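The values are calculated or read from the model by the stated rules, or taken from the named source; none is laboratory data. None of the values given here were measured: they were computed from a predicted structure. Cβ coordinates were reconstructed from backbone atoms using ideal geometry, including for glycine residues, and neighbour counts include every protein chain displayed.
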Amino acid sequence: MKILAIETSCDETAAAIVKKEINTITLLSNVISTSLGLHAKTGGIIPEQAAREQIKFIIAVIEKALSDSKLKHHELDAIAVTVGPGLIGSLLVGVETAKTLSYAWNKPIIPVNHLIGHIYANWISNPSYSSLPSFPSLALVVSGGHTDLVLIKNHHYISWLGGTRDDAAGEAFDKIGRMLGFPYPAGPTIAKHAEKGDPKAFDFPRPLIGSPDFDFSFSGLKTAVYREIQTIKQPASPQGGFNKITISDLCASVEHAIIDVLVKKTLKAAQKFQVKSILLGGGVAANEKLRSKLIQDTKYQLPNTAIFFPEKSLCTDNAAMIGAAAALIGKEEPWKNITVDPELYFY
Ligand code: KG4
Ligand code: ZN
């Protein structure tokens, strides 16, 4: 089965062609055009501007995905498209394009939930893994807009366990980075500065780390960092204002606090539901320290549980993951039934 997948939920315009054989998903092409450069200048995404950029690139991106795959459109079996969650203007560009192509080429559409897509990036062929994730699985979806723990008993049973009550983990990285003058998205810049810092330099709060549920909260951490920055800025502060070391220490301490909570809650859920595998997905899953702490703590606490994460380029938004989810759990629909759902969630 060969699927053209389209993803336009936010600021990436992406198209990919995936091939499914039994349970194996291989990428025949994977094209991403991003308008991040524009948003870096404004410190965040302006939805109207993101949608206009989607319109500029969507056709060229789909054409390139087709030509890279060396397939003709009549060789495709279906078109998959992200229908939500996301920015309504951006989503509409992908969905309306998919519907038009579906009508013109007479192919069914497979609507895909973007968050499920992040999880299914873990099923794309990856030379680092000798096997596919076995069920039951626990997925931690950590992106700019979401932080969720999800139990996957099998491809047809996905249940939400908990999520953030306020800011998502990626949003916390981005907002704290903004306070430090970093461009959007700030997660990778914080991670880079953190490499040279002391993660214990600042004792930031780890909200809800010991709560009995599977929820998260990162807005208190953001406020604590804001207060610390105001204190450091005072000429009489022990740090004597900002310097390279203070910034690295702040970044390392922020990263450490966020990762501590993510890993602790993930392992608590993995233990409770006796899962055989833990899957990471979403942009923050590209964070090297999150990956290594999760591997290390899992080895120690749950030695029989396997850890999976997609390669870094498949953690941030892409269409390959949408194709993988469509191929493994998607349901074909006639184009007339497809609508965008910006608020789509796990339930
Ligand atoms: O999944 P994604 O590309 O878009 C959404 O669906 O939101 O995630 C983007 C988020 C941003 O908040 C970005 O700062 C964060 O992922 N991110 C990282 C890293 N790379 C991307 N956060 C921490 N460390 C990273 N290495
Ligand atoms: Zn995403």
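Descriptive notes on the structure:
- Cβ-Cβ under 8 Å pairs, at least 6 apart or on other chains, segment 272-289 side within 19 Å of residue 142 (Cα to Cα), far side among the acidic types (Asp, Glu) and near ligand 1 (Cβ under 8 Å from one of its atoms): 283/317; 287/255; 289/255
- Screening residue 160 on (1) aromatic (Phe, Trp, Tyr); (2) closer than 16 Å to residue 24 by Cα; (3) more than 16 Å from ligand 2 (Cβ to nearest atom) shows it passes everything except condition (2).
- Taking the conditions (1) crowded, with 24+ Cβ neighbours inside 10 Å; (2) over 23 Å from the mean Cα position of the chain (by Cα) in turn, residue 76 satisfies each one other than (1).
- Among the residues of segment 193-217, those identified as of a type in the set (A, V, I, L, M, F, W, C), closer than 15 Å to residue 251 by Cα and outside any helix (DSSP H, G or I) are 201, 202, 204.
- Once segment 98-122 is narrowed to residues that are among the aliphatic types (A, V, I, L, M) and within 15 Å of the chain's Cα centre (by Cα), the residue that is surrounded by the fewest Cβ atoms within 10 Å (Cβ to Cβ) is 116.
- Screening 305, 298 for residues that are at pLDDT 95 or above and more than 16 Å from residue 132 (Cα to Cα) leaves exactly one candidate, 298.
- Which listed residue is hydroxyl-bearing (Ser, Thr, Tyr), modelled with pLDDT of 95 or more and away from ligand 2 (no atom under 16 Å from the Cβ), from 339, 316, 246: 339
- The helices (runs of 4 or more DSSP H) found entirely in segment 10-129 that carry 3 or more residues being more than 16 Å from ligand 1 (Cβ to nearest atom), in contact with a strand residue (DSSP E or B) (Cβ under 9 Å, 6 or more places away or on another chain) and at pLDDT 95 or above are 47-69, 88-105.
- Which listed residue is in contact (Cβ under 8 Å) with a residue 12 or more places away in the chain and more than 16 Å from ligand 2 (Cβ to nearest atom), from 308, 346: 308
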